[in-house]
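Shown next, in structure tokens, is the structure this report addresses.
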């Protein structure tokens, strides 16, 4: 019996040794390390998987097609967070020593925890269209980037869209906008800006928070919605909350075309759950869905055809959230290219990439070069503005896929930007000893 | 003994229920009088908490009926989940932490098997029900495996060890489920199973009450399931054996009851309950690992109904279901909505103040 136990113990030890990564050989050639904090498990996996696949596949495509970024291979490693803030911080701690050039927390909760650490560890953080809206202020948050739009921009676009549908901002008076949101930092982000806009344009704002534990048990909240009869509903939901909300809207005869999700509530699975009646559900977006772009074709050719993708099936490539992941990785790769240009180095560091983000200038011409013509709009960042507050459009679920439903709608910048600067200042004041920006500002090359 | 103590004994105190009812009536009268006297003008917190909800109930009776109905459907489903916990608690003396993941696992197995059939071109209702049979088979195998690998080696260990073992089982099933079926959400095959779609509208009470056919089906199936289980465990030989096991493992063994057999039966029953729960909740949203948390909704139900009582699970489920929906709907706006998740526990605790052993729980008398 004793011998048996020892055998098992030895087998375990051998297993652990075999599973441990052997990084030595990869380090010898020129590489840069990009960790992906992803979540393929847990209650939010349905939203997390397509994003993780898209992010990974774009980076893999750059490795396969171009041999890396200007010849420097990207070392990609996923760390499973389960959308859990504690696990996410553990992931960050375990990856930090390996000199990542940029970190994507992929959760607003994790982002909030890591914001104070970015400057200390000198690792820039890209929270692409999520995280703390106020971190768009580069003077206070030199290490945080959240292009192309903040949640506050999104909320203001929702208000503009409502005005468009109603025939002008003056028609908003007396209307009611409901915000159904996950009762978590992410879901609560748009509240201050919606409150400010409600006051400015004279509409009523009603809040419908959904606790994470009740994501799939929303019937009481929808009774409230039925009673209050809001004219429009803005959905800041995530994970299993979204398909449930779409189903409940249908069950409660809420006009589906007046339920508009933030860009994260735009998963194909979210709408698909509602069946044919979900056609007409809307979601904000800042990039196209589908495979009809050279960049996605390249992913199909260089990654999917070689069985290097982790997608469950080939059809999922080109889904809305998959393309979101592609867009996210494209921003990182472009920032690294900028950093290489700025410094003349091939293997750049986190500090260089921070400068790369600050000088980012994605023009139409550049988007065309990287196979994204018509896929996304230009993005231009600078030292003060780490977001760009770029235009957003409304996508409509046609029963099969998301299609573009409106022109680009610009955020109400004159409301949002002062709020952002104010909130950033307050953040710095609330955190005693918040470092003053000492990083110099590069001139755009 | 003095005269005073004798007379104190003879003067029977009022029964508890009379005290409670009396105080409620007194409070209601006080509120109505205070309102009539204009002490609670509209818009104040007191008015919002004490007057407005009831005015709303009377003014919009259709929404009141709708709220009760939603609460009833939710309550029946909670009761079904709670029943899964109660059965296992009675037989093994543990709170089965894995019940939630069993719901997910059963649902994923059903959809996963159906998808496999569909990939061979075998679809439709027959395929769907064959998938149900396969899923039931898997839940049976799980019950056997749990008995062999988890319960049997731990027999006669302290309950807390068994409880921890169900934690282990939870993580095992999460990992197994994600390995086999992947982490993404799946759409429940409600149409293929023949679950009804659409709604029935009643124009009553000056408004419209909508009953979803799916909810009606869920309520009917859950009620039938609860009735069968209650009958099975109350009146059959196995049911009696289960109750014997619940009282004492050792005593049950000594009269020749097979503990192993009972455990398999009970865990399999919990598996069946899990599958039905998975289908019903899955059809209301989707089948994903988020559904695990639904099972924890049974916790306040169990606190309220008692861990050992089948009727307690049923009545508790209904009280929690209806109570939280009414609370959310009428008093939620006072707290900025979204109070449902903690309100269930408040309701359970309010009941516990008067019945610490739960509604139908056994009164534990320990003599020193």
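The values are calculated or read from the model by the stated rules, or taken from the named source; none is laboratory data. Fair warning: this is a prediction, and the values are worked out from it, not measured in the lab. Ideal geometry is used to build each Cβ from the backbone, glycine not excepted, and the neighbour counts take in all protein chains shown.
Search the range A:190-224 for residues being assigned to a strand (DSSP E or B) and either under 18 Å from residue A:171 (Cβ atoms) or under 25 Å from the mean Cα position of the chain (by Cα) (or both), and hand back the single one that is nearest to the other protein chains (Cβ to nearest Cβ).
Restricting to residues being assigned to a strand (DSSP E or B) and either under 18 Å from residue A:171 (Cβ atoms) or under 25 Å from the mean Cα position of the chain (by Cα) (or both), the top hit is A:209.
Right, residue B:241: over 17 Å from the mean Cα position of the chain (by Cα), surrounded by 15 or more Cβ atoms within 10 Å (Cβ to Cβ), part of a helix (DSSP H, G or I) and within 14 Å of chain A (Cβ to nearest Cβ) or not?
The answer is no for residue B:241.
Being under 23 Å from the mean Cα position of the chain (by Cα), modelled with pLDDT of 95 or more, more than 10 Å from every other protein chain (Cβ to nearest Cβ) and part of a helix (DSSP H, G or I), is that true of even one residue in the range A:167-181?
For the range A:167-181, residues under 23 Å from the mean Cα position of the chain (by Cα), modelled with pLDDT of 95 or more, more than 10 Å from every other protein chain (Cβ to nearest Cβ) and part of a helix (DSSP H, G or I): absent.
Output yes when any residue across the range B:177-196 is touching a helix residue (DSSP H, G or I) at 6+ places or on another chain (Cβ under 8 Å) and under 29 Å from residue B:90 (Cα atoms), and no when none is.
The answer is yes, given that some residue of the range B:177-196 is touching a helix residue (DSSP H, G or I) at 6+ places or on another chain (Cβ under 8 Å) and under 29 Å from residue B:90 (Cα atoms).
Tell me whether the range B:55-62 contains one or more residues that are touching a strand residue (DSSP E or B) at 6+ places or on another chain (Cβ under 6 Å) and not assigned by TED's automatic domain parsing to the domain that holds residue B:202.
Yes, the range B:55-62 has at least one match.
Would you tally the residues in the range A:54-97 being out of contact with any strand residue (DSSP E or B) (no Cβ under 8 Å at 6 or more places or on another chain) and either in a helix (DSSP H, G or I) or within 26 Å of residue A:287 (Cα to Cα) (or both)?
Matching residues across the range A:54-97 total 16.
Just to be sure before I move on: is residue A:416 at pLDDT 90 or above, within 22 Å of residue A:165 (Cβ to Cβ) and part of a helix (DSSP H, G or I) in the structure I sent?
Taking the combined requirement at face value, the residue satisfies it.
Can you name the residue in the range B:194-211 that is in contact (Cβ under 8 Å) with a residue 24 or more places away in the chain and outside any loop (DSSP other than H, G, I, E, B) and is also farthest from residue B:255 (Cα to Cα) among such residues?
B:207
Just a yes or no: is a residue in the range A:95-102 touching a residue at least 12 places away in the same chain (Cβ under 8 Å) and under 17 Å from the mean Cα position of the chain (by Cα)?
Yes, the range A:95-102 has at least one match.
Within the range A:30-55, take every residue that is over 16 Å from residue A:243 (Cα atoms) and over 14 Å from the mean Cα position of the chain (by Cα) and give me the one that is farthest from the other protein chains (Cβ to nearest Cβ).
Per the stated criteria, the residue is A:30.
In the set B:187, B:134, which member is within 14 Å of chain A (Cβ to nearest Cβ) and within 30 Å of residue A:310 (Cα to Cα)?
Only one candidate passes the filter, namely B:187.
Can you report the number of residues in the range B:124-155 which are more than 20 Å from residue B:268 (Cβ to Cβ) and out of contact with any helix residue (DSSP H, G or I) (no Cβ under 7 Å at 6 or more places or on another chain)?
Of the residues in the range B:124-155, 3 are more than 20 Å from residue B:268 (Cβ to Cβ) and out of contact with any helix residue (DSSP H, G or I) (no Cβ under 7 Å at 6 or more places or on another chain).
Determine if the range B:114-127 includes at least one residue that is surrounded by 22 or more Cβ atoms within 10 Å (Cβ to Cβ), in the same structural domain as residue B:277 (by TED's automatic domain parsing) and closer than 29 Å to residue A:240 by Cα.
Yes, the conditions are met somewhere in the range B:114-127.
Exactly one condition in (1) at pLDDT 85 or above; (2) touching a helix residue (DSSP H, G or I) at 6+ places or on another chain (Cβ under 7 Å) is not met by residue B:253; state its number.
(1)
Could you please find all residues in the range B:190-200 being more than 9 Å from chain A (Cβ to nearest Cβ) and at negative phi?
Those that are more than 9 Å from chain A (Cβ to nearest Cβ) and at negative phi: B:190, B:192, B:193, B:195, B:196, B:200.
I'm trying to understand the selection: among the residues of the range A:344-383, which are outside any loop (DSSP other than H, G, I, E, B), within 21 Å of residue A:69 (Cβ to Cβ) and out of contact with any strand residue (DSSP E or B) (no Cβ under 9 Å at 6 or more places or on another chain)?
A:351, A:352, A:355, A:356, A:365, A:366, A:368, A:369, listed by residue number.
Conditions first: (1) crowded, with 18+ Cβ neighbours inside 10 Å; (2) more than 26 Å from residue A:137 (Cβ to Cβ); (3) touching a strand residue (DSSP E or B) at 6+ places or on another chain (Cβ under 7 Å). Residue A:386 passes all but one, so which condition is the exception?
Residue A:386 satisfies all of (1) crowded, with 18+ Cβ neighbours inside 10 Å; (2) more than 26 Å from residue A:137 (Cβ to Cβ); (3) touching a strand residue (DSSP E or B) at 6+ places or on another chain (Cβ under 7 Å) except (2).
Check the range A:118-135 and report whether any residue there is under 16 Å from residue A:411 (Cα atoms), crowded, with 19+ Cβ neighbours inside 10 Å, modelled with pLDDT under 95 and over 14 Å from the mean Cα position of the chain (by Cα).
Yes - at least one qualifying residue is present in the range A:118-135.
I'd like to check which helices (runs of 4 or more DSSP H) are fully inside the range A:237-343 and have at least 3 residues that are buried (at least 23 other Cβ atoms within 10 Å of the Cβ) and away from chain B (no Cβ under 14 Å).
A:320-343
Is it the case, given these coordinates, that residue B:317 is buried (at least 20 other Cβ atoms within 10 Å of the Cβ) and modelled with pLDDT under 85?
no
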